[in-house]
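The values are calculated or read from the model by the stated rules, or taken from the named source; none is laboratory data. Just so we're clear, the structure is a prediction, and the values are computed from it rather than from any experiment. We place every Cβ from the backbone using ideal geometry, glycine too, and count neighbours over all the protein chains shown.
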Amino acid sequence: MKLLLKYAYNRGFYKGKFTIGYTVLKPGGDVNYSVLDTAISLYDEERNQSHSIMFVYTQILKTTRKRANEIYGNDVLTGLTLRLYLYRAEYNSKIREYPIPHSEEEIDQFVYPLRNANIDEGTEEATPIEKGRKRRYVNYITKLKSRSKERRSFIVADTETVMLKVKDKEKRDIYIQVPYAVGFLVVNPGADVGAMPDHSCETYFSEDYSSFIDDFQERSNQMMFDFLERLAVVTSERKIRTVYFHNFGRFDGILIVKYYVSYMDKYKIKPLLRNNMIYELAVYRDYTYLFRFRDSLCVFPRKLEDLGKTLCPNLGTKGSIEHKGLRVHHLKDKRSLLLEYLKQDIRILGGVMVKGQEIYWSQFNVDIENCMTLSSLAISIFRRQYYDPKSWPICIPNGNEDTFIRRGYYGGHADAYKPKGENLYYYDVNSLYPFIMKKYDMPGGIPVWHNKLYEKDLSELYGFIEAYVSCPSTINRPFLPYRDKKSKTLLFPTGHFVGVYFSEELIYARDKLGYTIIPLWGYLFERKPSPFADFVSTLYNNRMLAKKEGNEPMVFVYKTLMNSLYGRFGINPESVVTEICGRERFDTLVDKERFLIAEELNVKYNIISYVTDNDSELNQHRISAVQLSAACARIHMYDYIKRDDCYYTDTDSAVLGNELPQDEISPVELGKLKLEHIVLTGYFLAPKTYTLLTQEKGKIIKHKGSGKGSVDFEWFEKQLADPNRKMKVKVESPFQIDWKNLLIMQKNWDVTLGTKTDTKRKPVYVKNVWVDTTPKNVYDITGYENLITPLLLNHQKEKFDKKENEYAQIIDSKNAELAKLREKVELLSAGKHPEEPVMSPLPELQPPTHYKPPTKVKKKKRNLKNVDKNAKKQNPKGKKKKKPG
């Protein structure tokens, strides 16, 4: 605030904004710069005046408190930065209308009252009730009609790079990836890529320019310039609109964007970047659309080598070269080897794409060239062939509805319960999400907001409800999740807390597990049979048939389609978008959008990142129906998680100490489990951090973090023996992206490997040996106390009254039985027989008709004289017998 007052703030601002950034020094010297949150406005548009200093100060406090927990471990906070974004002076004369105070004394006059203003530390507001705007029109997902009458040709391309040492702007040595070869291949629908002549693949090689260009970087630039110019010609002549690279979004695309921005003034580009991923790069010349680059990895999300083996094995295997040891001076001598490697990659990519295009066209009448991602391809097929908006219209929630429901969309459940086990069984559910899509009912109709749901019976509610939850401390594997407000970690705790949940989960937790649930408010839906049943059944049956026939390409297609649709409806419409644009567009975005950071790339282009919730290019908002994705997967998995012999779980898998019964196991049936591994020894130190010594595949290692390359089986053994053990390792990554300068760089840094044993559960030690875990306990009803306390008392009173009524009924029943018994006794004592039996649910036993009572036998009197005579015969002298012992 002092910096803002000293250098910027005045009451004459017009539409000014600023961001707060922080610089963190990582172990090993790596420096990271990040922005705390979206920009804070200095101008109140409703009142048409600048915000007060108190308002700005409050916003700064909220922003810094919100992100204060993001400095971890050995990171050192080295600086805070204010970035101010204003209209330029020639556009707005008001900017300097009032003088800015410069002296410390003047600044202190402003800051002192702010420090002592006792602004609330800012626990979250008490339950914002998101009633939502009134829906002016019903917004449903529409059915699609087939647009393509024939398939389109496309181009596949690839680049090869070498590491080069250069100087950055501060004259420091850095290592960056620089292209030395690039090529492309035109692919027509149905083409036999393997039969295409070698010259069909056009290639460009940097060292072919060495006769007239001495500097390698200049040779590379000229090579890329010629390649891009050639693409513009070919796409125009052949009327081709799509060029595919495999991993364009995180590698080739950064290189190509840099060339268009830095060297090719006659072209304009429109990159579509979301969450630091380039989905598409559209190229224009003189405002005329030419073509677009896309990432084939978004349609076929696997390594190119694996895709080639599955979809086009006839093209041979992907080659290999020693990328790490390759240097510029090696290039000329290895020209033929390097170009053949490049061509083979391009051929395999061409074979994969043409085979995929053929399959999707013949099976679904959809051209993959029209779809940007696999999930968009899946939803396109569903909307064309399986969706019936008349019988089952899928409602698209508005902004408030989506925000509320998304709070109940927690994602997968990963937890480590026991740190070590032997002779275990690793089970995986067959297509968990497609199974949920097929079996369970789904929320249909328009969401309707309801207050005071605590006045209704939970069993009658269906939808997404904010509820008070109390999990008994006796449950070792709690069911309902809770997201920690500070760390954002997803916990499954005991205790008392408030969250948004799907009603089916709340009912399950209450009725099956003994949770106390008090529903507060939420959006309710109609319960309807799933609209995805036909989609899943058809694809699954076709997959099984293809598997039986040994048709691996079709097996792959059906499996990836089934698994892609479910999550597509839950995609978050809010994301970070990055644009590379001119000054006019830049000013518009700064003024209207919630931007994060902006940089000037050159005099022509700026790069700006901002938060949006409605990107028309990806159509995220138009097909986001999160209510269909936040459903019942946790219910299906809980039967296995709650077992005492469950060692580890991750969304659709569980590691158990005992075999499951045969009726729960199937290698193919939807929803049943298949045995993936027999585990001889397993270490489970944390979610996503485990190792298995398996019977059939040897050692399997999973580790979440940048140091995973340094983790082996022995590391897990040592960490279990000493969970506090730390180990420093050096990490090297040759593919770190510098978005500000559009570079792919080599980064080296130190990482401390360790075990966070208490992130999600608490470790249990026996004689200093880590043997088990227990759930964390949470108490978080902050802001809800005034509402929940009386509701909880009323709930407890209702439970008590219910028990009291049950006991009263039992006592009344017993008293009635006792009264009948007394009546019977009185009748019997008076010599009368009661007309009906009393106090027995069974009829009185009657003797059978053939039964005769036994006759009484008179006992003979005992002759004592004979007894005495017999006794004397046995002991004539009358000696006393010795007692034994």
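If you filter segment 334-393 down to residues that are among the acidic types (Asp, Glu) and in a helix (DSSP H, G or I), you find that the one that is surrounded by the fewest Cβ atoms within 10 Å (Cβ to Cβ) is GLU340.
Restricting segment 763-818 to residues that are charged (D, E, K, R) and in a loop (DSSP other than H, G, I, E, B), the residue that is farthest from HIS496 (Cα to Cα) is LYS767. Across segment 273-308, the number of residues qualifying as in contact (Cβ under 8 Å) with a residue 60 or more places away in the chain, part of a strand (DSSP E or B) and more than 30 Å from VAL555 (Cα to Cα) comes to 3. Within segment 333-361, which residues are among the polar types (S, T, N, Q) and closer than 20 Å to TYR244 by Cβ? Those that are among the polar types (S, T, N, Q) and closer than 20 Å to TYR244 by Cβ: GLN344, GLN357. Taking first residues from segment 693-718 that are within 20 Å of LYS730 (Cβ to Cβ) and partners that are loosely packed, with under 15 Cβ neighbours inside 10 Å and of a type in the set (Lys, Arg), the Cβ contacts under 7 Å between residues at least 6 apart in sequence or on separate chains come to LYS704/LYS688; LYS718/ARG725.
Of all the numbered requirements in (1) modelled with pLDDT of 85 or more; (2) within 30 Å of VAL679 (Cβ to Cβ); (3) not acidic (Asp, Glu), GLN736 misses one, and that requirement is (2).
Scanning segment 205-221 for residues that are under 19 Å from VAL166 (Cα atoms) and free of Cβ contacts under 8 Å to residues at least 60 places away in the same chain gives ILE213, ASP214, ASP215, GLN217, GLU218, ARG219, SER220, ASN221. If you go through segment 302-318 and keep only what is under 35 Å from the mean Cα position of the chain (by Cα) and surrounded by 15 or more Cβ atoms within 10 Å (Cβ to Cβ), you end up with ARG302, LEU304, LEU307, GLY308, LYS309, THR310, LEU311, CYS312, LYS318. Scanning segment 538-567 for residues that are without any contact (Cβ under 8 Å) to a residue 12 or more places away in the chain and under 19 Å from ILE381 (Cα atoms) turns up just one, ASN541. Restricted to segment 626-659, and to residues that are in a loop (DSSP other than H, G, I, E, B) and buried (at least 21 other Cβ atoms within 10 Å of the Cβ), which residue is modelled with the highest pLDDT? Among them, the one singled out is SER629. Residues of segment 682-702 that are within 17 Å of GLU659 (Cβ to Cβ) and in a strand (DSSP E or B): GLY682, LEU692, THR694.
Out of LEU453, LEU480, which single residue is over 24 Å from the mean Cα position of the chain (by Cα) and buried (at least 20 other Cβ atoms within 10 Å of the Cβ)? From the options LEU453, LEU480, the qualifying one is LEU453.
Rundown of residues vs (1) more than 30 Å from PHE251 (Cβ to Cβ); (2) more than 23 Å from the chain's Cα centre (by Cα), yes/no style:
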{"site": "LEU670", "(1), (2)": "yes, no"}
{"site": "ILE678", "(1), (2)": "yes, yes"}
{"site": "THR694", "(1), (2)": "yes, yes"}
{"site": "VAL729", "(1), (2)": "no, yes"}
{"site": "GLU732", "(1), (2)": "no, yes"}
{"site": "TRP749", "(1), (2)": "no, yes"}
{"site": "LEU753", "(1), (2)": "no, yes"}
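Which of the residues belonging to segment 397-409 are surrounded by 20 or more Cβ atoms within 10 Å (Cβ to Cβ) and part of a loop (DSSP other than H, G, I, E, B)?
Residues satisfying the conditions are PRO397, GLY408.
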